[in-house]
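Right, I'll just put the structure down here and ask away after.
Each reported figure results from applying straightforward, stated rules to the coordinates on display, with no laboratory input. Just so we're clear, the structure is a prediction, and the values are computed from it rather than from any experiment. Note that each Cβ is placed from the backbone with ideal geometry, even for glycine, and that neighbours are counted across all protein chains shown.
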Amino acid sequence: MACAVKLTHVGKSFRSGTQKVKVIDDLSLRIDRGEAVLVNGPSGTGKTTLLNIVGCLTRPSTGYVLVGRRAVSGRPDHFRSTVRRDQIGFIFQQFNLLAGFTAVENIAMPLVPLGLKATERRKRAERLLHKLGLSHRARFGVNELSGGEQQRVAIARALVCDPWLVLADEPTSNVDSETARMVVSIFAELRSHEKTLIVASHDPMLVDSGLFDRELILPEGRWNAMQARPASP
């Protein structure tokens, strides 16, 4: 099976005052195309950092990263931005929507660099809003939406460019139970379309969903001893 993501001896450290804090230590990992992987573990073990490295938002301190067939860890920012735009959909824990813009404008924003006409961008965004049950909120500013509605807008924005790789960081942590169930349903549909899915979460609704091929357990401070076991049936 084709490789979707490959990390080889990846490490990531941050400076905290005069101290060097190692978040990821010598991590090697391969995820295949079409695979769904749940990344679990307590807070502070580097789940978000892992997603940011795979999503070309953060450079590793050491090691190499392949996304698809492209080496991304040592490439310039504009190259990494293009990979992120063309191949990756990222669902953030804090939504990261653009204040001052409507729901439909937020969703359509990633389509602007593709050179599509405004009418086509709007149509694509509106189709996703309809699918997520938010057609009636399309022209509302994102600050007027509930947390669950904002998460649905964030999911639509992540999917509007039809990425083959979808990353999600605690996608159900800030939403109501109805939206959480919708998130699980969306992930199931992505699986049916053979998208590659990497989700960081400890939410039992996702852990016990049966959606994932593997669950990666990240014990605090023991990245190089990471365990992999089949996800819950």
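How large is the charge dipole for the chain, taken about the Cα centre, if only the Cβ atoms of Lys, Arg (+1) and Asp, Glu (-1) carry charge, to the nearest 20 debye?
840 debye
Can you work out D for segment 1-128 in µm² s⁻¹ from Stokes-Einstein, where Rh is the Kirkwood radius over C-alpha pairs, the temperature is 4 °C and the viscosity is 1.567 mPa s?
Reported coefficient: 78 µm²/s.
Quick one: grab the alpha carbon gyration tensor of segment 176-221, order the square roots of its eigenvalues as a ≥ b ≥ c, and give me rounded if a/c is under 1.5, else prolate or oblate depending on whether a/b is larger than b/c.
Because a/c hits 1.5 or more and a/b fails to exceed b/c, segment 176-221 counts as oblate.
Please list 3J(HN,Hα) in residue order for segment 29-44, calculated via the Karplus relation 6.51 cos²θ - 1.76 cosθ + 1.60 where θ = phi - 60°; whole Hz, with x for glycine and proline.
After applying 6.51 cos²θ - 1.76 cosθ + 1.60, I find 7, 10, 10, 8, 4, x, 7, 10, 10, 9, 9, 10, x, x, 4, x Hz.
Not counting the cut sites, what is the longest span of the chain without GluC sites (Glu not before Pro) that DSSP labels loop and that have at most 15 other Cβ atoms within 10 Å?
1-193
Under a straight-distance cross-link criterion of Cα-Cα below 17 Å, which lysines are reachable from Lys123, leaving out those fewer than 8 residues away in the same chain?
Lys131
Convert 37 °C to kelvin, take the viscosity as 0.692 mPa s, use the Kirkwood radius over C-alpha pairs of the chain as Rh, and evaluate the Stokes-Einstein diffusion coefficient in µm²/s, rounded to a whole number.
Estimated via Stokes-Einstein, D reaches 180 µm²/s.
Which order results if Leu98, Leu29, Leu38 are arranged by neighbouring Cβ count within 10 Å, fewest first?
Fewest-to-most ranking of Leu98, Leu29, Leu38: Leu98, Leu29, Leu38.
Where does each of Arg127, Arg157 land when they are ranked from fewest to most other beta-carbon atoms within 10 angstrom?
Ascending number of Cβ neighbours within 10 Å: Arg127, Arg157.
Could you line up Arg75, Arg80 from fewest to most neighbouring Cβ atoms inside 10 Å?
Result, fewest neighbours first: Arg75, Arg80.
Further question on the same structure: Considering only the other residues whose Cβ falls under 12 Å of the Cβ of Val175, what net charge follows from Lys and Arg at +1 and Asp and Glu at -1?
So the surrounding residues net to -3.
Whole Å is fine, so just give me how far the alpha carbon centre of segment 162-206 lies from that of segment 71-92.
21 Å
With θ taken as phi - 60° and the coefficients 6.51, -1.76 and 1.60, list the Karplus ³J(HN,Hα) couplings across segment 159-168 in order, rounded to whole Hz; mark glycine and proline as x.
These are the phi-based 3J(HN,Hα) values: 9, 5, 8, 6, x, 8, 10, 10, 10, 9 Hz.
Express in nm, to one decimal, how much length is gained between Glu144 and Asp86 on full extension, taking 0.36 nm for each residue of separation and deducting their alpha carbon distance.
Extra length from Glu144 to Asp86 when fully extended: 17.9 nm.
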